[in-house]
1. Can you say whether residue 71 is closer than 23 Å to residue 426 by Cβ and crowded, with 22+ Cβ neighbours inside 10 Å, as far as the supplied structure shows?
2. Scan the stretch 188-202 and give yes if some residue there is away from the ligand (no atom under 16 Å from the Cβ), crowded, with 23+ Cβ neighbours inside 10 Å and closer than 22 Å to residue 76 by Cβ, otherwise no.
3. What is the one condition in (1) closer than 29 Å to residue 84 by Cβ; (2) surrounded by 17 or more Cβ atoms within 10 Å (Cβ to Cβ); (3) at pLDDT 95 or above that residue 289 does not satisfy?
4. Being out of contact with any helix residue (DSSP H, G or I) (no Cβ under 6 Å at 6 or more places or on another chain) and within 16 Å of the ligand (Cβ to nearest atom): is that true of residue 103 here?
5. Could you grab the pairs with beta carbons closer than 9 Å, sequence gap of 6+ or different chains, first residue in the stretch 546-561 and modelled with pLDDT under 95, second one surrounded by 13 or more Cβ atoms within 10 Å (Cβ to Cβ) and in a helix (DSSP H, G or I)?
6. Report, by residue number, each residue of the stretch 12-29 that is over 18 Å from residue 372 (Cβ atoms) and more than 22 Å from the chain's Cα centre (by Cα).
7. From the list 360, 372, 335, pick out the single residue that is under 18 Å from residue 386 (Cβ atoms) and surrounded by fewer than 23 Cβ atoms within 10 Å (Cβ to Cβ).
8. Just give me the residues in the stretch 538-555 being surrounded by fewer than 21 Cβ atoms within 10 Å (Cβ to Cβ) and part of a helix (DSSP H, G or I), in sequence order.
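The values are calculated or read from the model by the stated rules, or taken from the named source; none is laboratory data. Remember, predicted model here, so these are calculated numbers, not experimental data. Neighbour counts are summed over all protein chains in view; Cβ atoms, including those assigned to glycine, are modelled from backbone coordinates with ideal geometry.
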Ligand SMILES: Cc1cc2nc3c(=O)[nH]c(=O)nc-3n(C[C@H](O)[C@H](O)[C@H](O)COP(=O)(O)OP(=O)(O)OC[C@H]3O[C@@H](n4cnc5c(N)ncnc54)[C@H](O)[C@@H]3O)c2cc1C
């Protein structure tokens, strides 16, 4: 059975030595003293190791069941969910006006990583609830807010997100679910939604479905979509649970992974719904939910890779096979441990350097959200809007690759369910697909985000990289091992961006054929920047002579690996991008 131990020291390093959160001027960050965040992360880590992680395999094996219209979660999930709820974790970064603890998003994200690594399927019930909270909080009327938010923040009720229909996935303009105005401020919702995560279960008293639907007579396509709250049970005027609403579970999906999370077909049969925001402007509030969810999916990508890596590293130190090429390392045993073999090291370094880089990138992204929200910083908002598809797409693609690499360290034992390594690979796979498949993230990046506000945000990113290089190139070691490769990679990214700007209008296929490579190129540059910043922080700590020297040396060595062995991928991505669409589009559809 796999084990999990929260990487609190690494999280603390990013929060305090790289991002220096406690010294930042973002409102609320003054509460994030190292002692405080350490206590929070330790507590989350205990819950994750003792309660959530042991249920991960249980959830995978048992899955969810549907009996007589009622969904049951796996053994132990309800008790574990109640412990998450009782610990106040559901409302950690929610508004105190509705019972939340008002902590910054950056801390919520750090805790989120821990819970996801331990048990992603269980954490999704919590994550979707947070998404519903955010959409209602940002866009609903005061009346709806006071009815729904306190219960969502407390976790007494949970949330879901309903976009997908059988004929409508990526293309939301094809939506058929309809919402008819009743003249009393409510709407009657009818239609079918599929693939609804946490769509029904036995963890909470009520489930608040956030449903996209079309009001008849509205604009065609995506412009005619509105967002509604549709509770499983209607809510009485005094806030108590009322009659059952017209929503029922058609079935739950059999799927590749995240078996502990109920993925439901939901049938809406004249269910009562309440409009969130304005008629036909449902995408705005839904995007509040989706942008948050996309960052959460980015966390899921590297958090599962992190859990898989931990187990691969333990196994590589224990499993005895073969002898080191440079001479016996374990003379007392029949063979040396796997970890002596350079190819196993390469794999572990790939995993470790990705996970730690992605962690820093995500927490930086979360801090940009805090700046945007709490400081009304438009530049921070523009930057995180640009980086969101990169965090989602790159972290989930790489997260899957790394989970596969961790499984590979186990050889055949990784393919056998008993070790739990297959589950990591199966569970993380969905992160590449939902919340907008990664192909769509890449299109969003190239087609929308790159040129947003006249390309201002991508220029700001390049300036940020340039400034960091300029400010630190007096440090010879940092300059040689980190800043020089970062500069080269950033140049590749700039060249790719220029190519898209030149080709985008002239020959859109050239841009679209290179979008996936661009997302990966961008992801590598971001992780390169993060590693340069982490190496700088670790170097400063070593110079000052305080703290755990081995920890800082390990950081620098891991960063060097990323810069030498991963970052050069930017040249390959650029070459692919600038080769254009000709080879991609060469065959006719019937030649496939
Ligand atoms: C386990 C699970 C949980 C889910 N949870 C939820 C949920 O809670 N709520 C919810 O609403 N939905 C949910 N989904 C649905 C999920 O978000 C969609 O499956 C996903 O967005 C893709 O839609 P689709 O499956 O219809 O694929 P399609 O839209 O048919 O796309 C198929 C492929 O074509 C690509 N593609 C599509 N259009 C283009 C284009 N214009 N250019 C280039 N490539 C394109 C896509 O990238 C994808 O790879 C879930 C799905 C699963 C499997």
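1. Numbers: closer than 23 Å to residue 426 by Cβ: yes; crowded, with 22+ Cβ neighbours inside 10 Å: no.
Answer is no for this residue.
2. As a first pass, look at the stretch 188-202 and keep what is away from the ligand (no atom under 16 Å from the Cβ): 188, 190, 202.
Narrowing further to those that are crowded, with 23+ Cβ neighbours inside 10 Å: none.
Within the stretch 188-202, none of the residues are away from the ligand (no atom under 16 Å from the Cβ), crowded, with 23+ Cβ neighbours inside 10 Å and closer than 22 Å to residue 76 by Cβ.
3. With respect to (1) closer than 29 Å to residue 84 by Cβ; (2) surrounded by 17 or more Cβ atoms within 10 Å (Cβ to Cβ); (3) at pLDDT 95 or above, residue 289 is out only on (3).
4. Working: out of contact with any helix residue (DSSP H, G or I) (no Cβ under 6 Å at 6 or more places or on another chain): yes; within 16 Å of the ligand (Cβ to nearest atom): no.
Considered against the rule, which asks whether it is out of contact with any helix residue (DSSP H, G or I) (no Cβ under 6 Å at 6 or more places or on another chain) and within 16 Å of the ligand (Cβ to nearest atom), residue 103 comes out as no.
5. 547/17; 547/541
6. From the stretch 12-29, those over 18 Å from residue 372 (Cβ atoms) are 12-18, 20, 22-23; that's our starting set.
17, 20, 22, 23 - these are the residues of the stretch 12-29 that are over 18 Å from residue 372 (Cβ atoms) and more than 22 Å from the chain's Cα centre (by Cα).
7. Numbers: 360 fails: surrounded by fewer than 23 Cβ atoms within 10 Å (Cβ to Cβ); 335 fails: under 18 Å from residue 386 (Cβ atoms).
Only one candidate passes the filter, namely 372.
8. Residues of the stretch 538-555 that are surrounded by fewer than 21 Cβ atoms within 10 Å (Cβ to Cβ), as a first pass: 539-551, 553-554.
Scanning the stretch 538-555 gives 539, 540, 541, 542, 543, 544, 549, 550, 551, 553, 554.
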